[in-house]
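Single-structure report; data block below.
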Amino acid sequence: MNMEKHPHHWIKDIVEDETVKDCYLVKQKRLGTTRKGDPFLSLTLADRTGEMEGRVWEGAERLSSLFHEGEIIEVEGSISSYRGQIQITISDLKILKSDLDPDIFIESGPKDISGMMQSLRAIIRGVKNVHLRALNDSFLSDRQFVSLFRKAPAAKNFHHGYLGGLLEHTLSVCRMAGQVAEHYPELDRDLLITGAFLHDTGKIRELKFGLKIDYSNEGRLIGHVVLSTMMVDEKLRVIKNFPRELAVRLKHLILSHHGSYEFGSPKRPKFLEAFALHLIDDLDAKINGLGRYMERDRKEGEWTEFNRMFERYFLKAKILPEEEKLDIKIDEVQGSLFTS
């Protein structure tokens, strides 16, 4: 398929009752059976602007054998709406024989990577504790670590789930940590900033990110909270005279930053800096994740679809300035005069 002659049909622009023929990444694939026992194929298709569900009702078993999750296929079908979300009923499906630009299929963050990295380094340079500074420098001077850290997503799905997302999230948490430490001078600023920098480093090993963001075997078996602590331990082994108590405090920040056991935290926060890091991290994750969810919601009206993760609807409509409300009312009055 020649992408120059046929500009890509972005998922965010697809609407109900149109026909689509284009290439998309297969994020998920499942072969199921209807109540009558007939096979059907259920797909989650994606490009960098979003996802849509796909269904194959005819020849499902034969077509399923042609491709795997993580591959790009060309589909043709009609668009309908199901529970407020678009869905494509696929009438034809082809396996691609030529390569396409991977940037079409995996989302990159909106902010400049180099600029974010410079900003992060500037914050880290403000750490005055010589031991923590040595630890931070050991990460920032590790070329392999920095290369992965600049590219990695922060999550598979919910928050900062795109290339560069880990750096964006880390920078945001570090900035807020500095502001919180300034507001509450009783906090150890250097410890809090270092914890903010290192709390999610394990995500470069927890997640794999090519055309598709997914968990590595190491990520599923161990998880980024423990992996981050392990990575800090690896660096500490080669730093001379690092205070044991300081190392224990820093590891606790990382191990407790999810806040509670039900959210995958091996430990709950047990001192002020640990509480602060958990709350800052949670705030940044939720603002980014919910903001993206609301932005991508396709349901008409002021409210989103029901969000199963948070078990509620969210209000999308913004508060209009009073002058804009007045303009709307005037337009409504004029419209009613012309139609009466």
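The numbers here are math on the coordinates, done by the rules we state, and not lab data. From a predicted model like this one, the values you see are computed outputs, not experimental measurements. Note that we place each Cβ from the backbone using ideal geometry, even for glycine, and neighbour counts take in every protein chain shown.
Out of region 36-84, which GluC sites (Glu not before Pro) are coil in DSSP terms and have no more than 14 other C-beta atoms within 10 Å? Each step should come with its number before you reach the end.
Details: sites: Glu51, Glu53, Glu58, Glu61, Glu69, Glu71, Glu74, Glu76; in loops: Glu58, Glu69, Glu71.
When the GluC sites (Glu not before Pro) of region 36-84 are filtered for loop state and at most 14 Cβ neighbours within 10 Å, Glu58, Glu69, Glu71 remain.
Among the trypsin sites (Lys or Arg not before Pro) in region 94-140, those placed in a DSSP loop whose Cβ has at most 15 other Cβ atoms within 10 Å are Lys97, Lys111, Lys128. In terms of Cα to Cα distance under 16 Å, which aspartates and glutamates are near enough to Lys111, apart from those fewer than 8 places away along the same chain? Leaving aside aspartates and glutamates fewer than 8 places away in the same chain, those within reach of Lys111 are Asp103, Glu168, Asp284. Stretching Glu53 away from Lys318 to a fully extended chain increases their span by 92.5 nm, per 0.36 nm per residue minus the current alpha-carbon distance.
How about region 86-160: which chymotrypsin sites (Phe, Trp or Tyr not before Pro) there lie in a loop by DSSP and see at most 15 other Cβ atoms within 10 Å? Provide the component values of the computation, followed by the final result.
Working: sites: Phe105, Phe139, Phe145, Phe149, Phe158; in loops: Phe105, Phe158.
Passing both the DSSP loop test and the Cβ count: Phe158.
Over the C-alpha atoms of region 164-310, the Rg to Rh ratio, Rh being the Kirkwood estimate, stands at 1.02. Take the Cα of Glu16, step 7 Å toward its Cβ, do the same at Arg237, and the gap between the two points is 5.9 nm. Magnitude of the charge dipole for the chain, about its Cα centre and with charges confined to Cβ atoms of Lys, Arg (+1) and Asp, Glu (-1), is about 1640 debye. Looking only at Ser141, Ser65, Ser265, which one moves most when the chain is put into a Gaussian network model with springs between Cα atoms under 10 Å? Between Ser141, Ser65, Ser265, it is Ser65 that shows the largest mean-square fluctuation. Once both labels are positioned 7 Å from their Cα atoms along Cα-to-Cβ, the gap between Phe310 and Thr34 label points is 3.8 nm. Applying 1/(1 + (r/R0)^6) with R0 = 35 Å to the Cβ-Cβ distance of Leu283 and Arg143 gives a FRET efficiency near 0.65.
Cα centroids of region 177-229 and region 143-161: 10 Å apart.
Provide Tyr24, Tyr184, Tyr293 in ascending order of the number of other Cβ atoms located within 10 Å of each residue's Cβ, fewest first.
Working: Tyr24 24, Tyr184 13, Tyr293 18.
Placing the least packed residue first, the sequence is Tyr184, Tyr293, Tyr24.
In a fully extended conformation the segment linking Ser81 and Ile222 would gain 46.9 nm over its present Cα-Cα distance, using 0.36 nm per residue.
Computing Kirkwood radius over Cα pairs in Å directly from the structure and comparing it against (1) 24.0; (2) 23.0; (3) 19.7 singles out (2).
Helix 322-339 axis versus longest C-alpha principal axis of the chain: approximately 10°, rounded to the nearest ten. Nearest 10 degrees is fine. How inclined is helix 224-236 to the longest principal axis of the chain, computing both from alpha carbons? Value to nearest ten degrees: 30. In straight-distance terms, cross-link reach from Lys94 covers every one of the aspartates and glutamates whose alpha-carbon lies under 15 Å from its own, apart from those fewer than eight places away in the same chain; here that gives Asp22, Glu58, Glu61, Glu69, Glu71, Glu74, Glu76.
Selection among Asn217, Val56, Pro243 by position relative to the dipole of the chain gives Pro243 as farthest towards the positive end (Cβ unit charges, Cα centre).
At a Förster distance of 25 Å, what's the computed FRET efficiency of Ser265 paired with His183, Cβ-Cβ distance as r, to 0.05? According to the calculation, E is roughly 0.55.
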